Amino acid sequence: MKRVILSPLNLSPNDQKFILSFSLLEHDLIYFFSIHDYSHAHKKISCFIKNNSLTGISSEVLTNSLIGLTSDLTASSYSNKLNCINFLELRLLFINYLNQTECSTENFKNTLNDIVTTFFSFIDEIDNAIDFKHLSKQVALTVYYVDSHRYKKLSRQSILQNLNLNAVYTTKLFQKELGFSINYYIQHVKLTEAKHLLLQTNMSVTEIAHKLQFYNKSAFSKAFKKKFAISPSKYRELNKIVKDH
């Protein structure tokens, strides 16, 4: 096996200190990503920015630190059995963006936040839990009904009544087999569809909220941010940035 000889990097003391501090931040971000805890991840970033001066840190070090984080978040998606295809595409888009955009002390914080927020917004653990081959007839029918009527105003009671299913029994069975409630799944389907509409149409946030039968724009935006750790408008903006590059 041929051994590769690498020349040492000429890193300043400030660069070396930054790399060490960022590696500790990266370790924490990977952990919070694995347990889907965006709140603590965001707090860690804020604490890091507050306690670490970026003055004098080279653009190369800043850029490569973010590329490393992007790759490690993607690896974490694989080890945690998320939809790794989506994350592999996201990694490529962000790396292309970082290679074409000079990372500076002025834009580092925003870019770091954008990367972490976007990766967290791609977490979609519910879909991986649904395997129709192992669902009871009642639960499979309920899931199918929600999927097929995402643009309708839905409630647990109306769905089970339309399917002529026993409400008490099916509600308990749904929770037992999937680990979440029917109402939670209704919200999941509608908000997942909202992501598609934000990226694939020019509909306004208000129009999307109305199409998906939310009470108003405010209620929709609040629910979207709670689930994906990002507002609808910011989600659209960030995905436009990475796809344009």
Exercise. On a 0 to 90 degree scale, rounded to 10, what angle separates helix 38-51 from the longest Cα axis of the chain?
Worked result: 20 degrees
Exercise. Can you give the direction-averaged projected area of the convex hull of the alpha-carbon atoms in the chain, in nm²?
Worked result: 17.1 nm²
Exercise. Once the dipole of the chain is set up with Lys and Arg at +1 and Asp and Glu at -1 on Cβ about the Cα centre, which of N183, T171, T118 lies farthest towards its positive end?
Worked result: T171
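Please give the peptides 92-101, 10-19 ranked by average Cβ packing (other Cβ atoms within 10 Å per residue), highest first, as a rough proxy for protection.
Numbers: 92-101: 16.1, 10-19: 13.8.
Answer by packing, highest mean first, reads 92-101, 10-19.
Run the dipole for the chain about the Cα centre, Lys and Arg Cβ at +1, Asp and Glu Cβ at -1, nothing else charged, and hand back the magnitude in debye, nearest 20. All intermediate terms of the calculation are to be shown ahead of the outcome.
Details: 29 positive and 20 negative charges, 185 e Å.
Value, rounded to 20: 900 debye.
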Problem set entry | Environment charge of I19, counting only residues whose C-beta is closer than 15 Å and scoring Lys/Arg +1, Asp/Glu -1 | -3
For this session: Mind checking which of T192, Q157, S218 is farthest towards the positive end of the chain's charge dipole, using Cβ charges of +1 (Lys, Arg) and -1 (Asp, Glu) about the Cα centre?
Result: Q157
For this session: Name the long-range amide H neighbours of F122: under 5 Å, sequence gap of 5 or more, or other chain; modelled H, no Pro or chain starts.
Result: none
For this session: Please work out the FRET efficiency for the pair K43 and S104, using the Cβ-Cβ distance as r and a Förster radius of 22 Å; give the result to the nearest 0.05.
Result: 0.35
Seminar exercise, completed: By the Cα gyration tensor axes a ≥ b ≥ c (a/c under 1.5 gives rounded; else a/b larger than b/c gives prolate, otherwise oblate), the shape of the range 151-193 is oblate
Problem set entry | Solvent-accessible area of V168 with every protein chain in place, 1.4 Å probe, in Å² to the nearest 10 | 100 Å²
Problem set entry | From phi via Karplus (6.51, -1.76, 1.60), per-residue ³J(HN,Hα) for the range 212-222 in Hz, x at Gly/Pro | 8, 6, 7, 4, 7, 4, 4, 5, 5, 4, 5
Exercise. Using 0.36 nm per residue, how much length does the chain from E89 to H149 gain when fully extended, once their Cα-Cα distance is taken away?
Worked result: 18.7 nm
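The values are calculated or read from the model by the stated rules, or taken from the named source; none is laboratory data. Every value quoted in this text rests on a predicted model; they were computed, and no experiment measured them. Neighbour counts run over all protein chains shown; Cβ positions are idealised from the backbone, glycine included. Ligands, DNA and RNA are stripped out before the accessible areas are found, and what is left, the full protein with its side chains, is counted by its heavy atoms. Shrake-Rupley method; radii C 1.70, N 1.55, O 1.52, S 1.80 Å.
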